[in-house]
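*Asks:* First the structure, then my questions, so here it is.
The values are calculated or read from the model by the stated rules, or taken from the named source; none is laboratory data. Keep in mind that what you see is a predicted model, and the values were worked out from it rather than measured. Every residue, glycine as well, gets a Cβ built from its backbone with ideal geometry; the counts of neighbours run over all protein chains shown. When the accessible area is computed, the model is the full protein with side chains, heavy atoms only, and any ligands, DNA or RNA have been set aside. Shrake-Rupley method; radii C 1.70, N 1.55, O 1.52, S 1.80 Å.
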Amino acid sequence: MPRKVFYSFHFDNDNWRAGQIRNIGSVEGDKPVNGNKWEEVKSKSDLSIQAWIDENLKDKSCLVVLIGEKTSERKWVNYEMNKAWELGKAVCGIYIHKLEDSNGKQCTKGKNPLASHIPVFESDYSSSSYVYDDIKNNIADLVEKAITVRNQYR
């Protein structure tokens, strides 16, 4: 049975790329949030946003941070990382800058927002389709590695 994961990413910039990762199916990801739903959630108070994130994290094994160009600068990505660790969840990262967006464009590699002991995957390929296949072939093992790392810090 696939692990349940929560994907954390910069919605405005990387929603299309995140959708590609969700569609891989090697792990059971959270249900995609459409633009209208996220606009509704983020238009509420910080406490409401935190409650929404907390609720969506609670039954997951791992938080997977999809690292795009500006992911490290996002307030709610940082909250999700800290909350996941606080809840005892595993955390890992995947660089997604080489995946194409809906316009067929790749983006600049962003800064890794994760601590040095957190496993991060970055494909050596440059072609978006090869990067996708590389992520597909490695995401389940990355999540398992993250769970192993997390267990060392309990």
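Yes/no per residue for (1) over 13 Å from the mean Cα position of the chain (by Cα); (2) β-branched (Val, Ile, Thr):
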{"position": "63", "(1), (2)": "no, no"}
{"position": "76", "(1), (2)": "no, no"}
{"position": "91", "(1), (2)": "no, yes"}
{"position": "103", "(1), (2)": "yes, no"}
{"position": "127", "(1), (2)": "yes, no"}
{"position": "133", "(1), (2)": "yes, no"}
{"position": "142", "(1), (2)": "no, no"}
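*Asks:* Looking at (1) modelled with pLDDT of 95 or more; (2) out of contact with any Cys (no Cβ under 9 Å at 6 or more places or on another chain); (3) over 13 Å from residue 61 (Cα atoms), find the lone condition where residue 153 falls short.
*Replies:* Going through (1) modelled with pLDDT of 95 or more; (2) out of contact with any Cys (no Cβ under 9 Å at 6 or more places or on another chain); (3) over 13 Å from residue 61 (Cα atoms) one by one, residue 153 breaks only (1).
*Asks:* Take region 113-129 and flag every residue that is outside any loop (DSSP other than H, G, I, E, B) and either small (Gly, Ala, Ser) or farther than 29 Å from residue 153 by Cβ (or both). Talk me through it step by step, then tell me what you get.
*Replies:* Of all residues in region 113-129, those outside any loop (DSSP other than H, G, I, E, B) come to 120-121, 128-129.
Once the filter is applied, which keeps residues that are outside any loop (DSSP other than H, G, I, E, B) and either small (Gly, Ala, Ser) or farther than 29 Å from residue 153 by Cβ (or both), region 113-129 yields 128, 129.
*Asks:* Kindly provide the set of residues from region 26-40 that are open to solvent by less than 70 Å² (accessible area, probe 1.4 Å), modelled with pLDDT under 80 and either farther than 20 Å from residue 99 by Cβ or not in a helix (DSSP H, G or I) (or both), ordered by number. Can you show your working first?
*Replies:* Initially, region 26-40 is screened for residues open to solvent by less than 70 Å² (accessible area, probe 1.4 Å), giving 26-27, 29-30, 33, 35, 38.
Subsequent filtering for residues that are modelled with pLDDT under 80 retains 26, 29-30, 33, 35, 38.
If the condition is that a residue be open to solvent by less than 70 Å² (accessible area, probe 1.4 Å), modelled with pLDDT under 80 and either farther than 20 Å from residue 99 by Cβ or not in a helix (DSSP H, G or I) (or both), then 26, 29, 30, 33 are the ones that fit.
*Asks:* Scan region 62-79 residue by residue and report those that are over 18 Å from residue 117 (Cβ atoms) and either open to solvent by 10 Å² or more (accessible area, probe 1.4 Å) or in a strand (DSSP E or B) (or both).
*Replies:* 66, 69, 70, 73, 74, 75, 76, 79
*Asks:* Which residues, counting only those in region 41-58, are within 19 Å of residue 4 (Cβ to Cβ) and of a type outside the set (Val, Ile, Thr)? It would help to see each step written out before you state the result.
*Replies:* Taking region 41-58 as the starting set, the residues that turn out to be within 19 Å of residue 4 (Cβ to Cβ) are 52-58.
Within region 41-58, 52, 54, 55, 56, 57, 58 meet the criteria.
*Asks:* Filter region 10-25 down to the residues that are open to solvent by 30 Å² or more (accessible area, probe 1.4 Å) and either in a helix (DSSP H, G or I) or touching a residue at least 60 places away in the same chain (Cβ under 8 Å) (or both) and list them by number.
*Replies:* Selection gives 11, 12, 13, 15, 16, 20, 22.
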